[in-house]
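Engineer: First the structure, then my questions, so here it is.
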Amino acid sequence: MNSIINFFISSYIYVSLCVVSLALATQYLLLSFNIQVLCFLFFATFISYNFQRLASIYKNPEHSRNQWYIQNRLIISALLFLSVIIFFGLIYSFNIQSIFLVLGLSLLSLLYSIKLRDIPYLKIYIIAASWCFSTILLTVLENKLIVDLEIILSMIGRFFFIVAITIPFDIRDINFDKKRLKTLPILFGVERSKKIALIMLLFFLIFEFFHYVVFSWEINFFLASLLCFGYTYYLIKKSGMDRNRFYYSFWVESCSISIVIFLIITAIFL
């Protein structure tokens with residue numbers, strides 16, 4: 001069981017499901033579903049993160065996570081080959097606006113893997129922007145929805161949420177990143193970085209509350225956001241350099257999945 005869980009995490013299948021969960025939450029809140037977009041995001045995320053891992057192996061083959069990847073390179077290569085085929089098969093039927101968005105995000109992912117992640121202060125914002133546009137705007141464009149104030153506020157709130165849950169990963173990688181990057185934990189220390197993450201999370205909740213008051217008045221929507229806030233707050237608060245890799249790669253990553261779970265729970269009981 002541990003080997004299976006480790007495979008799902010290390011191969012980035014799990015993080016791909018997290019991206020899909022955020023997009024599904026968006027579709028649920030907008031009451032505008034698109035299974036093709038969800039499938040596309042899964043395979044696009046899988047390709048993007050594995051490509052970044054390949055670039056990391058080239059730069060630092062001795063890293064422990066890269067060692068696992070090298071040992072399992074045959075099955076990962078097979079999955080990547082299959083994912084690329086499905087990726088192009090799905091994007092073929094997208095409208096032109098969605099295709100341009102995907103091309104822009106793909107270029108950003110490529111540049112991030114090669115050079116952008118080494119630019120000081122930029123790493124966390126590239127990740128947040130990519131997840132924000134892919135999990136919200138792609139559904140909006142593909143379902144031909146209007147980019148109105150509700151969508152813009154949702155994107156801003158999502159951006160704050162992604163920044164908040166990304167900071168703990170910078171805490172995890174502080175010993176590795178300090179050789180070449182200027183991340184928040186390196187600049188401000190672990191405790192101050194956690195406080196920044198919690199402030200970002202609070203901004204997320206404020207935007208969700210504003211969305212509830214102005215647009216939806218669906219109490220289960222806001223309650224799900226409130227439960228997600230509490231769950232994520234606890235995991236960020238408990239993060240630190242003494243936590244093992246599983247804490248971040250499984251539990252902190254699960255914050256993205258929690259919003260869908262809480263939406264389902266609140267919909268059932270309210």
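Engineer: Largest first and in whole Å, what are the equivalent-ellipsoid semi-axes of region 2-269 based on the Cα gyration tensor, each being the root of 5 times an eigenvalue?
Structural biologist: On the way: eigenvalues 155, 115, 59 Å².
Each semi-axis is √(5λ); the values are 28, 24, 17 Å.
Engineer: Only Cα pairs under 8 Å and at least 6 apart count here; give the relative contact order of region 111-207 as a rounded whole percent. Display every interim value, and only then the final one.
Structural biologist: Details: 87 pairs, mean separation 33.0, N = 97.
Relative contact order for region 111-207 comes out at 34 percent.
Engineer: Show me, for region 13-23, the HN-Hα J-couplings you get by feeding each phi into the Karplus relation (A = 6.51, B = -1.76, C = 1.60, θ = phi - 60°), rounded to Hz, glycine and proline as x.
Structural biologist: 5, 5, 5, 5, 5, 5, 5, 4, 5, 5, 5
Engineer: So, one more: Taking the Cα centre of each part, how many Å lie between region 30-57 and region 75-153?
Structural biologist: 8 Å
Engineer: Simple spin-label model, 7 Å along Cα-to-Cβ: ILE5 to LYS238 in nm?
Structural biologist: 1.3 nm
Engineer: Which value, in debye to the nearest 20, gives the size of the charge dipole of the chain about its Cα centre, when Lys and Arg are +1 and Asp and Glu are -1 at the Cβ?
Structural biologist: Its charge dipole is roughly 980 debye.
Engineer: Separate question: Provide the per-residue ³J(HN,Hα) series for region 88-94, in order, calculated from phi with Karplus coefficients 6.51, -1.76, 1.60 and θ = phi - 60°, each as a whole number of Hz, with x at glycine and proline positions.
Structural biologist: Taking θ as phi minus 60°, the curve returns 6, x, 6, 5, 4, 8, 6 Hz for region 88-94.
Engineer: Hey, what did the chain get for relative contact order, percent, Cα under 8 Å, at least 6 apart?
Structural biologist: On the way: 280 pairs, mean separation 58.4, N = 270.
RCO, the chain: 22 percent.
Engineer: Using just the helices of the chain, give the 222 nm mean residue ellipticity in deg cm²/dmol: DSSP H runs with n ≥ 4 each add -39,500 (n - 2.57), and the total is spread over all residues, rounded to 500. Could you put the intermediate results ahead of the total?
Structural biologist: Working: 14 runs with 202 residues, N = 270.
Result for the chain, helices only: -24500 deg cm²/dmol.
Engineer: Quick one: what Rg and Dmax do you get for region 206-270 from the alpha carbons, in Å?
Structural biologist: For region 206-270, the Cα radius of gyration and maximum Cα-Cα distance read 13.8, 42 Å.
Engineer: Going by average Cβ neighbours within 10 Å, how do the peptides 87-93, 253-259 rank, with the highest at the top? Walk me through the intermediate numbers first.
Structural biologist: Details: 87-93: 13.9, 253-259: 21.6.
By packing density, highest mean first, the sequence is 253-259, 87-93.
Every number here is computed from the coordinates shown, using simple stated rules; none is lab data. Quick caveat: nothing in here was measured; it's all calculated off a predicted structure. Reconstructed Cβ throughout: ideal geometry from the backbone, glycine too, with neighbour counts over all protein chains shown.
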